[in-house]
1. If each of SER63 and GLN1 carries a label point 7 Å out from its Cα toward its Cβ, how far apart are those two points in nm?
2. So, counting K/R as plus one and D/E as minus one, what does the shell of residues with Cβ under 9 Å around MET34 add up to?
3. Please report, in Å, the Rg and the Dmax of region 87-126, where both are computed over Cα atoms only.
4. Roughly how many percent of the accessible protein surface of region 55-116 is carbon and sulfur, given a 1.4 Å probe and a whole-percent answer?
5. Of all DSSP beta bridges in the chain, what percent run antiparallel (nearest 5)?
6. Report relative contact order for the chain in percent, whole number only (criteria: Cα-Cα under 8 Å, sequence separation at least 6).
7. Within straight cross-link reach of LYS43, meaning Cα distance under 15 Å, which aspartates and glutamates are found once same-chain residues fewer than 8 apart are removed?
8. Return the whole-Å distance between the Cα centroid of region 1-64 and the Cα centroid of region 78-126.
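The values are calculated or read from the model by the stated rules, or taken from the named source; none is laboratory data. All of these numbers come straight from a predicted model, not from anything done at the bench. Cβ coordinates were reconstructed from backbone atoms using ideal geometry, including for glycine residues, and neighbour counts include every protein chain displayed. Keep in mind that these areas ignore ligands, DNA and RNA; they rest on the heavy atoms of the full protein, side chains included. Shrake-Rupley method; radii C 1.70, N 1.55, O 1.52, S 1.80 Å.
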Amino acid sequence: QVQLVESGGGLVQAGGSLRLSCTASGRAFSSYQMGWFRQAPGKEREFVGAIRWSGGTIFNADSVKGRFAISRDNAKSTVFLQMNSLKPEDTAVYYCAADPTGGSTRYHSADEYEYWGQGTQVTVSS
């Protein structure tokens, strides 16, 4: 079983930055595609970004391009989401997810990811 644990959320002012971390258990983290999603109250979970096992291919949602950056440290079984220039509309619970297949053309779909963390709250004040 793969277990994912997010950390790094908190309260920041608009324009500030946060770095989220997601640490995974499991035998083959380095081969997983890792994704970040977020969900605001009353809204559906939405795709934020994803990274292939190699770390060389990164996908970002249009709403966060130029502000967020995703990276991974396979030696530590950890994926990061660096969030800069935060806006109040970024307020949500952020989840990391793992796709053991290593990736697909449906990287933006929550249904593609088998394992999920419990989420970490990010609140951006204006």
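1. 3.1 nm
2. Working: positive: ARG52, ARG72; negative: ASP99.
It works out to a net charge of +1.
3. Both quantities, over Cα of region 87-126: 12.9, 40 Å.
4. On the way: 1380 of 3000 Å².
It is 46 percent, rounded to a whole number.
5. Values: 36 of 40 bridges.
So the antiparallel bridges in the chain amount to around 90 percent.
6. 36 percent
7. GLU89, ASP90
8. What the calculation gives is 3 Å, centre to centre.
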